[in-house]
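Peer 1: Structure below; questions to follow.
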Amino acid sequence: MSHTNPYLRGGGIHHVALRTPDFDRSVAFYTQTLGASPKMQWLMDGDTRAVMLDIGDGNYVEVFERGEDDPASPDEARLLHFCLRCDNLDEVVERVRQAGMTITVEPNDVPIENQAEAGPAAVTLRLAFFKGPDGETVELMQCEDL
């Protein structure tokens, strides 16, 4: 039986984000082994690759290439954040703020040009980030196209 969340309207987990020292290996694993397909692909800071992999049923794994300045061990992949989708991002941010959580990225619109063959040519995502009660990074995302 499904449950509709009264606060995160249209809500659910949208994606889990990973940072990896071997981008090509990780993408190959999720696409070739688990059947995911690239929905969006883009460059960050000029040459750091990122991809949103569609794993089915509206769920995604987002993979980021580890940058030169990343202090993590080259042997470990890191969970960057988890993302909750919602239809009312600004309202949710205010609820989170009133609960005493730290907003680390205020709501903003982020245009992304898609370099993958599938999916829309470009999307604009409404995003915000906050620290959860145990220090976990949580992203909120509002976007009809992704």
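Peer 1: With (1) at pLDDT 85 or above; (2) over 30 Å from Glu94 (Cβ atoms); (3) surrounded by fewer than 17 Cβ atoms within 10 Å (Cβ to Cβ); (4) not hydrophobic (A, V, I, L, M, F, W, C) as the list, and Pro6 as the residue in question, which single condition is left unmet?
Peer 2: (2)
Peer 1: Pick out, from region 25-116, the strands (runs of 3 or more DSSP E) lying fully within it that include 3 or more residues that are within 27 Å of Gly135 (Cα to Cα) and at pLDDT below 85.
Peer 2: Values: elements: 37-44, 48-56, 59-65, 78-85, 102-113.
Strands (runs of 3 or more DSSP E) meeting the threshold: 78-85.
Peer 1: Here's a follow-up. Out of all the residues in region 117-143, which are at pLDDT below 90 and among the charged types (D, E, K, R)?
Peer 2: Within region 117-143, Glu117, Lys131, Asp134, Glu136 qualify.
Peer 1: Now a separate question. Just give me the residues in region 79-105 being surrounded by fewer than 17 Cβ atoms within 10 Å (Cβ to Cβ) and of a type in the set (Lys, Arg), in sequence order.
Peer 2: Residues satisfying the conditions are Arg95, Arg97.
Peer 1: Quick check on my filter: what residues within region 107-135 are within 20 Å of Glu94 (Cα to Cα), over 16 Å from the mean Cα position of the chain (by Cα) and of a type in the set (D, E, K, R)?
Peer 2: Asp134
Peer 1: In addition: Go through (1) in contact with a strand residue (DSSP E or B) (Cβ under 7 Å, 6 or more places away or on another chain); (2) without any contact (Cβ under 8 Å) to a residue 24 or more places away in the chain; (3) at positive phi for Gly100 and report which single condition fails.
Peer 2: Result: Gly100 passes all but (1).
Peer 1: Then there is this: Residue by residue through region 16-65, note down the ones that are more than 18 Å from Glu117 (Cβ to Cβ) and hydroxyl-bearing (Ser, Thr, Tyr).
Peer 2: Of everything in region 16-65, those that are more than 18 Å from Glu117 (Cβ to Cβ) and hydroxyl-bearing (Ser, Thr, Tyr) turn out to be Thr20, Ser26, Thr33, Thr48.
Peer 1: When residues of region 1-51 are filtered for being under 19 Å from Val96 (Cβ atoms) and small (Gly, Ala, Ser), how many remain?
Peer 2: Start the filter on region 1-51 by keeping residues that are under 19 Å from Val96 (Cβ atoms), which leaves 5-15, 17.
Add one more test, that the residue is small (Gly, Ala, Ser), and what stays is 10-12, 17.
Total meeting the criteria: 4.
Peer 1: Tally time: how many residues in region 117-134 are small (Gly, Ala, Ser), part of a strand (DSSP E or B) and over 25 Å from Asn5 (Cα atoms)? Break it down stepwise before answering.
Peer 2: Of all residues in region 117-134, those small (Gly, Ala, Ser) come to 118-119, 121-122, 128, 132.
Those left that are additionally part of a strand (DSSP E or B): 122, 128.
Subsequent filtering for residues that are over 25 Å from Asn5 (Cα atoms) retains 122.
Total satisfying the criteria: 1.
The values are calculated or read from the model by the stated rules, or taken from the named source; none is laboratory data. Worth saying up front: this structure is predicted, and the values here are computed from it rather than measured. All Cβ positions, glycine included, derive from the backbone under ideal geometry; neighbour counts span all protein chains shown.
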